[in-house]
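Just so it is clear, none of the values below were taken in a lab; they were calculated from the coordinates. Keep in mind it's a predicted model, so treat the numbers as computed, not measured. All Cβ positions, glycine included, derive from the backbone under ideal geometry; neighbour counts span all protein chains shown.
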Amino acid sequence: MEKAISTLTQERFYATVKEYLYWEDRAEEKHEYHNGEVIAMAGGEINHNRVCRNLVSGLHTRLKGKSCETFNSENKVWIAERNRFYYPDAFVICGEIQFYEKRQDIVENPILIFEVLSESTELRDRGEKFRHYMSLPSFREYVLINPEVVLVEIFFKKSPGEWQYFIYHSLTETVHLQSIDVHLSVADIYEQVDLTLAPETPAETSRTNE
């Protein structure tokens, strides 16, 4: 079994949930579970890691005294309806944490999820993952962040079947996370991030679709 773990670390393979959790507990690198398919996760580049650090740090500070808690990508989210385990880049749970089979590393009820985009994951984060996250009863807000240019996108569940869309692409703006009523400045999200030259944008740097 240990040999199999080493051999399959960098490859896609198929397993039951029980087999996946056994392998993942012993693997050196992280894997996600997509309805039977186990997929190795790519390591984050430095800008990606900086954004993740800024998110977790900023949220932790602003959530002090509230019943909400921030988690990083060390914890998995179980999506029972879609038979999937994901590692979001960051997420927030409010109230009592619902654990998967009493495991302290796997949760079931995030209210807010962040994904920091990369060239290899962007399509999945925008499409497949978002659809699967939507099946979580607790899930109300989804944030996508580009770590190379200033671009923060927010999808907020206003009511069942109705999502609002917000976009920010200026360091002078402030993001409002409605699900937890927290404000984060875009400048704080991109602190120490080595930004490339962003294309010119219209004078109005944020909009909503209601």
(request) Collect residues whose amide H, placed 1.01 Å from N in the peptide plane, falls under 5 Å from the amide H of TRP163; neighbours closer than 5 in sequence don't count. (result) LYS158
(request) State the cysteines of the chain left without a partner when partners are defined as other cysteines whose beta carbon lies under 4.7 Å away. (result) CYS52
(request) Ratio to report: Rg/Rh of the chain, with Cα atoms as the point set and Rh obtained by the Kirkwood method; give two decimals. (result) 0.97
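On average over all directions, what projected area in square nanometres does segment 1-118 have, based on the convex hull of its Cα atoms? If you can, show how the numbers build up before the last one.
Values: hull surface 31.0 nm².
Its average projected convex-hull area is 7.8 nm².
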(request) Nearest 5 is fine: what % of DSSP beta bridges in segment 54-210 come out antiparallel, could you say? (result) 80
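Using only the Cα atoms of segment 113-198, build the gyration tensor, take square roots of its eigenvalues as a ≥ b ≥ c, and label the shape rounded, prolate or oblate: rounded if a/c is under 1.5, else prolate if a/b is larger than b/c, else oblate.
On the way: a/c = 2.43, a/b = 1.38, b/c = 1.75.
Oblate.
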(request) Treating the angle as unsigned and between 0 and 90°, give the value, to the nearest 10°, between the Cα long axis of helix 46-62 and the longest Cα principal axis of the chain. (result) 70
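Within a 10 angstrom radius of the beta carbon, how do VAL186, VAL150 rank from fewest other beta carbons to most?
Working: VAL186 20, VAL150 23.
Ranked by crowding around the Cβ, least crowded first: VAL186, VAL150.
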(request) Take the chain, connect every pair of alpha-carbon atoms lying under 10 Å apart with a spring to form a Gaussian network, then pick out the residue of LEU112, LEU55, LEU151 with the largest mean-square fluctuation. (result) LEU151
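Can you pick out the pairs among LYS66/LYS129; LYS76/LYS129; LYS30/LYS64; LYS64/LYS157; LYS18/LYS102; LYS30/LYS157 whose Cα atoms lie more than 18 Å from each other? Provide the component values of the computation, followed by the final result.
Values: LYS66/LYS129 28 Å; LYS76/LYS129 13 Å; LYS30/LYS64 30 Å; LYS64/LYS157 24 Å; LYS18/LYS102 14 Å; LYS30/LYS157 30 Å.
Exceeds cut-off: LYS66/LYS129; LYS30/LYS64; LYS64/LYS157; LYS30/LYS157.
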(message) Tell me which GluC sites (Glu not before Pro) from segment 35-134 have a DSSP coil assignment and no more than 11 other beta carbons within 10 Å of their own.
(response) GLU74, GLU96, GLU119
(message) For a quick check: with amide H placed at 1.01 Å from N, whose amide H comes under 5 Å from SER185's, ignoring anything fewer than 5 positions away on the same chain?
(response) VAL175
(request) Using the Cα centre as the reference, give the magnitude of the dipole from point charges on the C-beta atoms of the chain (Lys, Arg: +1; Asp, Glu: -1; all else neutral), rounded to the nearest 20 debye. (result) 560
(request) Give the long-range amide H neighbours of ALA90: residues separated by 5 or more places, or on another chain, with amide H under 5 Å away, using H modelled in the peptide plane at 1.01 Å from N. (result) PHE114
